[in-house]
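Heads up, the thing below is written out as structure tokens.
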Amino acid sequence: MGFLFRALFFTLFLVSHQTKAQEFNSSSNNALPSASATSTSSSVARKLAGKCNWFRGTWVYDASSKPPYYSSTCPFIDPQFDCLKYGRPDTAFLKYRWQPFSCALPRFNGLRFLEKWRGKKIMFVGDSLSFNQWVSLTCMLHAWVPNSRTSYVKKDGLASVTFQDYGVQILLYRTPYLVDLVNEKVGRVLKLDSITDGKAWTGMDMLIFDTWHWWTHTGRAQPWDYLEERGKLYKDMNRLIAFYKGMTTWARWVDRNVDPYKTKVFFQGISPTHYLGKDWNQPTRSCASEAQPYFGRKYPAGVPLSWVVVNKVLARIKKPVYLLDITFLSQIRKDAHPSKYSGEHGTDCSHWCLPGLPDTWNQLLYAALFA
């Protein structure tokens, strides 16, 4: 009964906070104007944005816009994200740029990035969405210094691109839950209160974390048999509660192990999926048939409860962690997934084409570092 009561209380807490988040989100106009219309934005949005909120704005169609790189010239591109190579016939999804309401995003300058972080180590830690953003950043940097010497190493769950002329190492550590997933006699156990992989994350100059998508997997797609907390095994539990517990463990790791004078910490935020057309009021569709963003003022599906969990955990963390709050701006981009145009089989409405949306995530990362 105690566990059921806590689950009910937690769900009610999230619903109440989701309502507040939806009210906040609805005041951000997500309509897609022409480039000439971006000079006007609502006073409400400006008030919410404060001096500059990079994450409240609108997608602007710009026919003259060019991608920050081409997949055919990036040696680090992965077939999973290379939509144009695998037959995507349209390129309109590359013509939208993100325009914050109250300011302009600084232009990404890869040379400045490499000079500023000369001799430093930057690590993405998380699931395949971290991989998506990692590939994007390495391609964006390579486009600025195409003749620079680079090395690319990929082994097991660790990958690294080094820009040797600058001594900048961009690493990727694959761990879908952040907390430990181990094999034991009883089976595969997801330990909600344990992080031992964190030893590999220390000594970095920048950490960009991400997790969520794997927390929802069930059946054969679920890579664990039991959840464990405080030595007690559970066959299952409410996934949002499990996510909250895992995120709280991660926050505790950050507080105990990160020196903010030596390491900048980011959390990627919740990247949405577009498998269910009912999320944008077209129940018979999925991302596979989408060639344009969502044009409404308010995204019909509302704010994901996982976004509420992330914000709740970050509100309590003691060390500075910058949230790359990419959820709202990504929800609108139902057109930006690989769908069937990928080196992988099936329809992919989780990841994003490259070049594409994750390039904007990295532009926002750049703004946070340099603006």
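The values are calculated or read from the model by the stated rules, or taken from the named source; none is laboratory data. Note that the coordinates shown come from a computational prediction; the quantities given were computed from them, not determined experimentally. In this analysis, Cβ positions are derived from the backbone assuming ideal geometry, glycine residues included, and neighbour counts consider all displayed protein chains. The area values use the complete protein model at the heavy-atom level, side chains included, leaving out ligands, DNA and RNA. Shrake-Rupley method; radii C 1.70, N 1.55, O 1.52, S 1.80 Å.
Key figures
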| item | result |
| --- | --- |
| Conditions (1) modelled with pLDDT of 95 or more; (2) open to solvent by less than 60 Å² (accessible area, probe 1.4 Å); number of the one not met by GLY296 | (1) |
| Among residues of the stretch 200-216, those that are open to solvent by less than 60 Å² (accessible area, probe 1.4 Å) and either of a type in the set (A, V, I, L, M) or closer than 11 Å to LEU190 by Cβ (or both), counted | 6 |
| Residue check for PRO320: in contact (Cβ under 8 Å) with a residue 12 or more places away in the chain, open to solvent by 10 Å² or more (accessible area, probe 1.4 Å) and either of a type outside the set (Ser, Thr, Tyr) or assigned to a loop (DSSP other than H, G, I, E, B) (or both) | yes |
| Hits in the stretch 237-251 (condition: under 20 Å from THR175 (Cα atoms) and out of contact with any Asp or Glu (no Cβ under 9 Å at 6 or more places or on another chain)) | ARG239, LEU240, ILE241, PHE243, TYR244, MET247, TRP250, ALA251 |
| Candidate set: the stretch 292-314, residues that are of a type outside the set (A, V, I, L, M, F, W, C) and outside any loop (DSSP other than H, G, I, E, B); chosen: the one farthest from ASN281 (Cα to Cα) | LYS312 |
| Lone unmet requirement of (1) open to solvent by less than 70 Å² (accessible area, probe 1.4 Å); (2) without any contact (Cβ under 8 Å) to a residue 12 or more places away in the chain for PRO283 | (1) |
| Within the stretch 63-82, considering residues that are in contact with a strand residue (DSSP E or B) (Cβ under 8 Å, 6 or more places away or on another chain), at pLDDT 95 or above and not in a helix (DSSP H, G or I), the one least open to solvent (accessible area, probe 1.4 Å) | PHE76 |
| Per-region count, the stretch 345-366, residues touching a Phe, Trp or Tyr at 6+ places or on another chain (Cβ under 7 Å), within 13 Å of PHE81 (Cα to Cα) and part of a helix (DSSP H, G or I) | 1 |
| Unique match (being under 30 Å from PRO75 (Cα atoms), open to solvent by 50 Å² or more (accessible area, probe 1.4 Å) and in contact with a Phe, Trp or Tyr (Cβ under 7 Å, 6 or more places away or on another chain)) among LEU141, LEU181, LEU158, LEU172 | LEU158 |
| Among the candidates VAL168, VAL153, VAL186, VAL179, residue that is farther than 17 Å from ASP359 by Cβ and without any contact (Cβ under 8 Å) to a residue 12 or more places away in the chain | VAL153 |
| Among (1) within 23 Å of LYS262 (Cα to Cα); (2) of a type in the set (D, E, K, R); (3) crowded, with 19+ Cβ neighbours inside 10 Å - the single one ASP127 does not satisfy | (1) |
| So GLY246, is it in contact with a helix residue (DSSP H, G or I) (Cβ under 9 Å, 6 or more places away or on another chain) and either touching a residue at least 24 places away in the same chain (Cβ under 8 Å) or surrounded by fewer than 13 Cβ atoms within 10 Å (Cβ to Cβ) (or both) | yes |
| Qualifying residue in the stretch 187-197 (condition: open to solvent by less than 70 Å² (accessible area, probe 1.4 Å), under 20 Å from the mean Cα position of the chain (by Cα) and among the hydrophobic types (A, V, I, L, M, F, W, C)) | no |
| Scan of the stretch 265-279 for residues that are open to solvent by less than 10 Å² (accessible area, probe 1.4 Å) and either assigned to a helix (DSSP H, G or I) or closer than 15 Å to LYS312 by Cβ (or both), ordered by number | PHE267, GLY269, ILE270, GLY277 |
| Close pairs from the stretch 264-278: first more than 13 Å from HIS337 (Cα to Cα), partner of a type in the set (Asp, Glu) and outside any strand (DSSP E or B), Cβ under 7 Å, at least 6 apart | GLN268/ASP210; GLY269/ASP325 |
| Complete set of residues in the stretch 340-371 that are of a type in the set (Phe, Trp, Tyr) and either out of contact with any Leu (no Cβ under 9 Å at 6 or more places or on another chain) or closer than 22 Å to GLU115 by Cα (or both) | TRP361, TYR366, PHE370 |
| Answer from ASP165, ASP180 - the residue that is of a type in the set (Asp, Glu) and farther than 19 Å from ARG118 by Cα | ASP180 |
